[in-house]
Amino acid sequence: MGSIDLPKSPNVFHPEKPSAVGSRNSLAQEYRDQQAEVNQLLEEETNKIIHHIASKLPKDVLERLDIMGGLKEKLYNYMNQNYQNMFNRYMVTTEDEMVKKVRNFVDKEETKVLARYTPKEIANLLDEVGGADKFNTGEIEKSMINMYGHLQGHIQRGVNDLENLTNSILRQKTDTGAFIRGENAYSIVKCAFKDNLYKSKTVTDVKLSVNILDAELISPIYHYQVTVEYLIKELLSKHIIENIDKEIEKLKDQRIDQGLEELTDSEIIFTKMTKIEKFTDDNSEDSKSKRYDLISKTVMDRLVGLRAEIDPSEYDQLNIRENLKKIIDIENIRTRGFNTAVNSITSILDTSKMGYQYIENFKNARELIIREYEDTDAAQLPDERYAVKMRYYDPAQLIEERKAYDVQMKSFENEVAHLWDVLEVIYEGGKPAFKVTDFKDLAKKQRNRIRKDIKAKTGEPMYEDIAKVWDEIAFIKTGETEVERMNRTYIYEKNKVHQKIILMRDKMKAMYDYRYPVERRVMEDRLAVLEREFNKFDYMINPYHIQPGLLLDVDITSLKRKKVTLNGMANVLNEFLHGVSKGFQDAAFASFSRRRSTVREDIAQSFAADANAENAPASNTAAPAQAYLDMLNTEEPASSTALVPAKSGRGRGRVADAKPKKSGRGRGRSGSRGRSGIRQI
């Protein structure tokens, strides 16, 4: 087809003109009735959803739910707006742009290579002889891939919106599942929903923390201060592991070709360990060591202590270490991982219409802070808002974070215990001298009678003489093992602090009733401060639960009935995790290149007897097929053995007998013995 046969589109933007940019009508579609097609599709999909809801919900709920009215209309309108506006217009524009690119390419090639009077046969011959370098369509293919890639992104975003809104309609609530879908649920460190402090009935606050481990990052992240020597050793280590994996794959193929059993998971691990010595060793002082096969010891010695920056007074462009550092810097090994994560989260927020007014990128500290609004006063901010904090942690940082967390937890315990002691002293000092106020006073008053009337007879010790191990606030804490000491949850300590705060508030109400002396006001103010600060601390992420890698901390505030920010951030988080994380990979499932069961010889269906297989000629490849046909045409097929008792040379032994019968009865007339081919007895 020449270029004159292709439709040319006007260089205008119009929603109705055929083949215009942004039009819903295309010459490439030959004036199909697109509106009727879209209406049919939307009607079918809406009915499917309504039918699904009707089949899942109980009958009494369906009677109260207006399925055929409001719900169907909302689904139809939502799908119509998103699907038609997004898919139809973008698809038309894509088709027209592709047609123009093909037309321009054909014009260019005809003008450059072919004469106007060249017959079509010669043109086809030249096209076949020339090859990919003469008539290259790579650029057109790249353009098509880019266009359909963008189209797929828009469609996927619309489908995600529809999925989240449909789930929220069916559940009538918002939970953790609305944020992270199943394949990324393992990355959640903490997700907590709580009522807003200022508007508890209408607004909800959500805390979501996602931890992406180092091994799961698509592009590794390094701290800015890491040395060049460390980066090069990391690259060498990756190269060694890749070579070991290649040798393991070769070993697997060799064992399969030899008919041996596959390596088990443990055998693969041990084989990898034994092959490490082939590529490296621990002798870092010997220049002839295997670890210096790729990079010599003299080069590595020059990189000791070299970090991201060199003192300008010592910088020399011709030095070896400066040029080695320049190679690392050109490849952006140090910065590309964190920069990729920053670009990903910001671009997704922009395309998802989740704008932000405040962003602070601490590049050297590997930390990013994004807020929808610049102000931080919660009382002045709107009810729909979000804040994102992304930070990369290495093992050394987590150790320091855990130390600070331990100190802060101990400080809260001390402050709450001090207020508890003050309240206890005031409570005991305000009791009447000869009046029973609580159980403690009653037990003290009856102590002597208990000693004489009960304990003297039984010989048991008095209550006061028994060591008190339960403080009546929290149950006795179990002993710690090394696991608990290395991974402290502080659940017991936090519950005890919460319980003390509740007990102190109740005790103050019982002590003072409707009286408000200065002591009560001071203690209540102190209790309110401790409770507010402790709730903030409890809302934070426990660093003992974080592993080295990227931590994404999201704070969301949204209206309970609208949930606009909640739904928007759900799509943002899923797209971000898909673009940055490789996800969890089970090595047990990924370790098999090809299974031996797919190449076993005993799976091949052959009707030759095992005893005759050795004497059969190797070139007779049609024997199994011919034997199968002869078996079907014999007087007594193999399937009849289920009905006829086995005899000598008959029964199950006939399956392996490939020699055809001399009798021609039934040959070509299999239908005369019934549809199954079994002889009637």
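Structure summary
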{"quantity": "Yes/no for I454 being surrounded by 11 or more Cβ atoms within 10 Å (Cβ to Cβ) and touching a helix residue (DSSP H, G or I) at 6+ places or on another chain (Cβ under 9 Å)", "calculated": "no"}
{"quantity": "Number of the exception - F412 against (1) part of a helix (DSSP H, G or I); (2) under 30 Å from A570 (Cα atoms); (3) aromatic (F, W, Y)", "calculated": "(2)"}
{"quantity": "Which numbered condition T376 misses (of (1) within 30 Å of N571 (Cβ to Cβ); (2) within 30 Å of the chain's Cα centre (by Cα); (3) hydroxyl-bearing (S, T, Y))", "calculated": "(2)"}
{"quantity": "Residue count, the range 426-440 (criterion: in a helix (DSSP H, G or I) and surrounded by 14 or more Cβ atoms within 10 Å (Cβ to Cβ))", "calculated": "2"}
{"quantity": "Inter-residue pairs, beta-carbon under 7 Å, first over 18 Å from E16 (Cα atoms) and without any contact (Cβ under 8 Å) to a residue 40 or more places away in the chain and in the range 31-49, second aliphatic (A, V, I, L, M) and assigned to a helix (DSSP H, G or I), 6+ apart", "calculated": "E45/M79; T46/L75; T46/M79"}
{"quantity": "Residues of the range 356-371 classified as crowded, with 16+ Cβ neighbours inside 10 Å and outside any strand (DSSP E or B), total", "calculated": "2"}
{"quantity": "Every residue from the range 298-314 that is among the hydrophobic types (A, V, I, L, M, F, W, C) and either outside any loop (DSSP other than H, G, I, E, B) or within 14 Å of L231 (Cβ to Cβ) (or both)", "calculated": "V299, M300, L303, V304, L306, A308"}
{"quantity": "Within the range 332-355, tally of residues that are β-branched (V, I, T), assigned to a helix (DSSP H, G or I) and more than 20 Å from the chain's Cα centre (by Cα)", "calculated": "1"}
{"quantity": "Matching option when the condition is closer than 30 Å to G549 by Cα and either in a strand (DSSP E or B) or not basic (K, R) (or both), among L381, L324, L423", "calculated": "L324"}
{"quantity": "Residue check for K477: free of Cβ contacts under 8 Å to residues at least 40 places away in the same chain and not in a helix (DSSP H, G or I)", "calculated": "yes"}
{"quantity": "Selection from the range 156-181 of residues that are outside any helix (DSSP H, G or I) and either under 29 Å from G549 (Cα atoms) or at pLDDT 75 or above (or both)", "calculated": "T174, D175, F179, I180, R181"}
{"quantity": "Complete set of residues in the range 544-587 that are in a helix (DSSP H, G or I), closer than 15 Å to A185 by Cα and touching an Asp or Glu at 6+ places or on another chain (Cβ under 8 Å)", "calculated": "N571"}
{"quantity": "Close pairs from the range 77-103: first aromatic (F, W, Y), partner surrounded by 16 or more Cβ atoms within 10 Å (Cβ to Cβ), Cβ under 6 Å, at least 6 apart", "calculated": "Y90/L151"}
{"quantity": "Residue check, N184 at pLDDT below 85 and closer than 23 Å to N571 by Cβ", "calculated": "yes"}
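The values are calculated or read from the model by the stated rules, or taken from the named source; none is laboratory data. In this text the structure is predicted, and so the values were computed from the model without any measurement. Counting neighbours? That spans all protein chains shown, and the Cβs are built from the backbone with ideal geometry, glycine included.
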